[in-house]
Amino acid sequence: MNELDVKNILGLKLPTDPRWVNLAGMSLEEILTDHAFCEQKAATTCISIIQKYADKEKLVRELAPIVTEEWGHFRQVLAELHKRGLKLGRQRKDEYVNKLLEFERKGGNPEERFLDKLLLSALIEARSCERFKRLSEGLTDEYMRGFYRKFMESEAGHYTLFIELAEHYLPKDRVRARWQEWLRYEAEVMQELQIRGDRVH
């Protein structure tokens, strides 16, 4: 995925450093472990959003199957670890997500907090999609390239769903303005973080 693809398809303002794929290929157990926990956290995040905004019928209806899908992804990655004789290991601190959480609005207008919940999820899905596409094209293991191609396609659908939900409940110009703020902030985060081959983000 080149820089133009990243900007046009996902909106991301900074593509992943190409060196990351090479590092990830040398740390497959760590990448699979981190990936498994990312899928687990994605499922629990959707559950949390559903619980918090249970009055929003479309949101509940659209996110409910995503919970099942994300948990299914967790099980797929777990099975891949076991197949290779690898262990899940411990969940590690996600510096990328923790930095993004610092930008999320915690007080004030409830609509602004709701919007940020959805856009934060959209952004994490977009970056995951971009990372999985890099793995699907850059890993030397042909099987693992196909493995990550499927995850890439799924994450792309999730990213667009969160944006669509935001635009369903709030004015599009408001959503898009805040989305641009998130994208600019995320690019700054990406520049600051060390390139690590043992993390999805």
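Summary of computed values
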{"item": "Residues of the stretch 120-176 satisfying the condition of being touching a Pro at 6+ places or on another chain (Cβ under 8 Å) and among the small types (Gly, Ala, Ser)", "result": "GLY138"}
{"item": "Number of the condition not met by PHE151 [criteria: (1) touching a residue at least 60 places away in the same chain (Cβ under 8 Å); (2) within 17 Å of the chain's Cα centre (by Cα); (3) under 27 Å from ALA54 (Cβ atoms)]", "result": "(3)"}
{"item": "Among (1) over 23 Å from ALA177 (Cβ atoms); (2) touching a residue at least 24 places away in the same chain (Cβ under 8 Å); (3) in a loop (DSSP other than H, G, I, E, B) - the single one LYS93 does not satisfy", "result": "(2)"}
{"item": "Pairs where the first residue, in the stretch 181-196, is in contact (Cβ under 8 Å) with a residue 24 or more places away in the chain and aliphatic (A, V, I, L, M) and the second is in a helix (DSSP H, G or I) and surrounded by 13 or more Cβ atoms within 10 Å (Cβ to Cβ), C-beta under 7 Å, 6+ apart", "result": "VAL189/TYR96; VAL189/LYS99; VAL189/LEU100; LEU193/GLU95; LEU193/TYR96; ILE195/TRP20; ILE195/LEU23"}
{"item": "Which listed residue, of LYS150, LYS117, LYS99, LYS133, is closer than 15 Å to ALA42 by Cα and outside any loop (DSSP other than H, G, I, E, B)", "result": "LYS117"}
{"item": "Qualifying residue in the stretch 165-180 (condition: under 23 Å from GLN40 (Cβ atoms) and either of a type in the set (Lys, Arg) or at pLDDT below 95 (or both))", "result": "no"}
{"item": "Verdict on LEU119 being in contact with a helix residue (DSSP H, G or I) (Cβ under 7 Å, 6 or more places away or on another chain) and free of Cβ contacts under 8 Å to residues at least 60 places away in the same chain", "result": "no"}
{"item": "Count of residues meeting criterion [more than 11 Å from ALA36 (Cα to Cα), assigned to a helix (DSSP H, G or I) and either of a type outside the set (Ser, Thr, Tyr) or touching a His at 6+ places or on another chain (Cβ under 6 Å) (or both)] in the stretch 65-90", "result": "6"}
{"item": "Lone qualifier among ASN22, ASN98 - being among the polar types (S, T, N, Q), over 17 Å from SER128 (Cβ atoms) and surrounded by fewer than 19 Cβ atoms within 10 Å (Cβ to Cβ)", "result": "ASN22"}
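The values are calculated or read from the model by the stated rules, or taken from the named source; none is laboratory data. Here the structure is a predicted model, which is why all the values come from computation and not from measurement. With ideal geometry, Cβ positions are generated from the backbone for all residues, glycine too; neighbour counts draw on all protein chains shown.
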